[in-house]
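Worksheet: the structure to be examined is printed underneath.
The values are calculated or read from the model by the stated rules, or taken from the named source; none is laboratory data. On a predicted model such as this, the values are computed, not experimentally measured, just so you know. Note that we place each Cβ from the backbone using ideal geometry, even for glycine, and neighbour counts take in every protein chain shown. Heavy atoms of the whole protein, side chains included, go into the accessibility calculation; ligands, DNA and RNA do not. Shrake-Rupley method; radii C 1.70, N 1.55, O 1.52, S 1.80 Å.
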Amino acid sequence: MKKASQVSDHLSFDMIFDTLNEPMIVCDSALRILRINEAFSVMFGTNGLNPIRSRLAEAFRDRNGELLVEGFKRVFEMERPQSWDISSELKNGIRKSFEITVSPVRDSEGKVTRAIGHAHDISRRKDLEKELKASEERYRKIVETAREGICIVDSEARISFTNKRIASMLG
């Protein structure tokens, strides 16, 4: 018979898992899906199928599914969390970027029996990184092609940058 604290812990996990706004998936060591939360279903869709007890490879047959399978396999082999980024077209047709993290879940004896995967939407961060890169490239082009000599010197009189023009001016 389960202790009251175990039942309470299980109910707390259920409540947290089911109400998270980010996609979550739990698999066993045979890579069978044991559970997905509502956010996972809404974001990635299940094509009208109940994926529970399905193998990951059968439920997700695209490139991102292959990455998910490999990530879960690595967690069971290495017994430590794994993370990677993906870009995925969602059920609603919008393309988003996610950081996927899969972490091991151990039983009372320390054996990894399950793994839980979490997808964190990093689309905004990726968009900002692209904008920053484009801005840096524009700045670099302006500085490198300027007719004026440009030199950046820090507070200790160390030169940290010069453009080609100043180099040709000073020899």
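Got a sec? Which of Arg147, Arg124, Arg114 is under 30 Å from Val42 (Cα atoms) and exposed (fewer than 11 other Cβ atoms within 10 Å of the Cβ)? Of Arg147, Arg124, Arg114, the one residue that is under 30 Å from Val42 (Cα atoms) and exposed (fewer than 11 other Cβ atoms within 10 Å of the Cβ) is Arg124. One residue stands out among those in segment 79-111 that are in contact with a strand residue (DSSP E or B) (Cβ under 9 Å, 6 or more places away or on another chain) and among the hydrophobic types (A, V, I, L, M, F, W, C): the one that is most open to solvent (accessible area, probe 1.4 Å), which is Val105. In segment 151-171, of all residues being within 40 Å of the chain's Cα centre (by Cα) and of a type in the set (A, V, I, L, M), the one that is modelled with the lowest pLDDT corresponds to Ile152.
Within segment 61-84, being more than 14 Å from the chain's Cα centre (by Cα) and assigned to a loop (DSSP other than H, G, I, E, B) holds for Arg61, Asp62, Glu79, Arg80. Residues being more than 21 Å from Ile33 (Cα to Cα), small (Gly, Ala, Ser) and not in a strand (DSSP E or B) are represented in segment 85-102 by at least one member. The set of residues from segment 53-66 being more than 14 Å from Ser29 (Cα to Cα) and either surrounded by fewer than 16 Cβ atoms within 10 Å (Cβ to Cβ) or in contact (Cβ under 8 Å) with a residue 60 or more places away in the chain (or both) comprises Glu58, Arg61, Asp62, Arg63, Glu66.
Of all residues in segment 29-50, those that are within 29 Å of Arg95 (Cα to Cα) and either of a type in the set (S, T, N, Q) or modelled with pLDDT of 80 or more (or both) total 14. Return yes when Ser88 is in contact with a helix residue (DSSP H, G or I) (Cβ under 6 Å, 6 or more places away or on another chain), in contact (Cβ under 8 Å) with a residue 24 or more places away in the chain and not aliphatic (A, V, I, L, M) and no when it is not. Against the criterion (in contact with a helix residue (DSSP H, G or I) (Cβ under 6 Å, 6 or more places away or on another chain), in contact (Cβ under 8 Å) with a residue 24 or more places away in the chain and not aliphatic (A, V, I, L, M)), Ser88 qualifies.
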